[in-house]
Structures are given as structure tokens and as C-alpha cells.
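Asks: Here's a structure for you.
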Amino acid sequence: MSYLDRDTYGIYTNDDDTGPGPRLMGADTLIGEDVYNRQDEDLGDIKEIMLDIRSGQVAYAVLSFGGWLGMGDKLFAVPWQALELDTVNKRFLLDVSKEHLKNAPGFDKDDWPDMASTEFNTELHSFYGTRQNVAGGVTSTGSVMGTGSSSLQSDPGYTGSRGTGGGNI
């Protein structure tokens, strides 16, 4: 289900570049959004968006991966700047293989880690090759998120940045 389907206010369906999307979007419309990798493999979907209340920035997206019908899913905190909004296909992209994601630091839905701890942040950002709270963080492949353009952003009306830290998408 794409964010257009959850857009109860109609703010992302305008073709005349009015409204906030996709440069500024409601978190509620992004929960449930599909996440794929660059090999077009389905990595799961966004279950939650975690806000750093002190900095006012989006810290992580919680990705559900594996399992069947919501059972046995492993949850992963993915640094926000590791995600890229694919406005053409109405989904997020995460620049990791399925095999790499299987080795990511994950957790069970009934046993969440202390996401605000230094240890958790260090492990997570090291795994994904990102830097904490830095707009335009660098991915594990060396690509800079949040700057420049991409063939994935071929929507002619799209002029915003992609997947940056600081809560911008």
C-alpha cells in the first residue's frame, strides 16, 4: 500500500506541485510503506517511525522483515538517512541486499532495544554506513543520501531531496 492510499487529506495527489509532498510528508502516511533494495527485492515495510524528541529529527524507521502474515517478523531499526523515497514507485529504497539485512542488528516486537543508547547508535550506524543526525549521510556503498538527483527520482514534478537525516524526505 502506498502513501497515496493512506492520504486521507489528499495532500499528495495534486499534479500541480501544490501541497507539501513529497518534500514534506506526514509520518502516518509513511507507516506501512514498502521497502525495496536496488535489486528490486522486497525487504519488508515500515512499521514505525521513531522521532528523536531532543533534536526534533527522525531517528529511525522500524522495518519489518521476514515472517509470514506478521508472525515471526524480525524488526530492524534503519537510520532514516539510509532510506530513499522512490516517488515513481511509491516506496522506499534501502541500499542493502537481503542477505546483508538478515545479519542486521534486529529485535523482536516484544523486546525493543534502548534506541537512544550510545551503543545501539554506534552499532546501527556502523552497520548501515551512516552517520547519526547528519543530513546527507553516506551509505555503505559510498553514495550520498539527500543530495543530487537519481534516476529513481524521475518524477518530473519532484524537486526535493531524498532520504536525508533530519526528517526530510
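Read-outs throughout are calculated quantities, based only on the coordinates presented, and are distinct from any laboratory measurement. Just so you know, these numbers come straight off a predicted model, no measurement behind them. Backbone-built Cβ (ideal geometry, glycine too); neighbour counts: all protein chains shown.
Asks: Amide H to amide H, which residues 5 or more places from Gly44 or on other chains are under 5 Å from it, using H placed in the peptide plane?
Replies: HN-HN under 5 Å from Gly44: Val35.
Asks: Sticking with this structure for a sec: Would you kindly derive the ³J(HN,Hα) couplings of region 73-78 from the backbone phi angles with the Karplus curve 6.51 cos²θ - 1.76 cosθ + 1.60 (θ = phi - 60°), listing them in order in whole Hz, with x for Gly and Pro?
Replies: Here the 3J(HN,Hα) series is 5, 9, 9, 10, 8, 10 Hz.
Asks: Okay, next question. Once phi is turned into θ = phi - 60°, what whole-Hz ³J(HN,Hα) does the Karplus curve with 6.51, -1.76 and 1.60 give for every residue of region 121-130, x standing for Gly and Pro?
Replies: Once rounded to whole Hz, the list reads 4, 4, 4, 5, 5, 5, 4, 8, x, 10.
Asks: Rounded to the nearest Å, what's the spacing between the alpha carbon centres of region 28-87 and region 102-127? Just the number, please.
Replies: Measuring centre to centre over Cα atoms gives 13 Å.
Asks: Quick check: pseudo-label points 7 Å beyond the Cα along Cα→Cβ at Leu51 and Arg38, how many nm apart are they?
Replies: 3.3 nm
Asks: Can I ask one more? Which of rounded, prolate or oblate describes region 77-117 when judged by the alpha-carbon gyration tensor and an a/c cut-off of 1.5?
Replies: prolate
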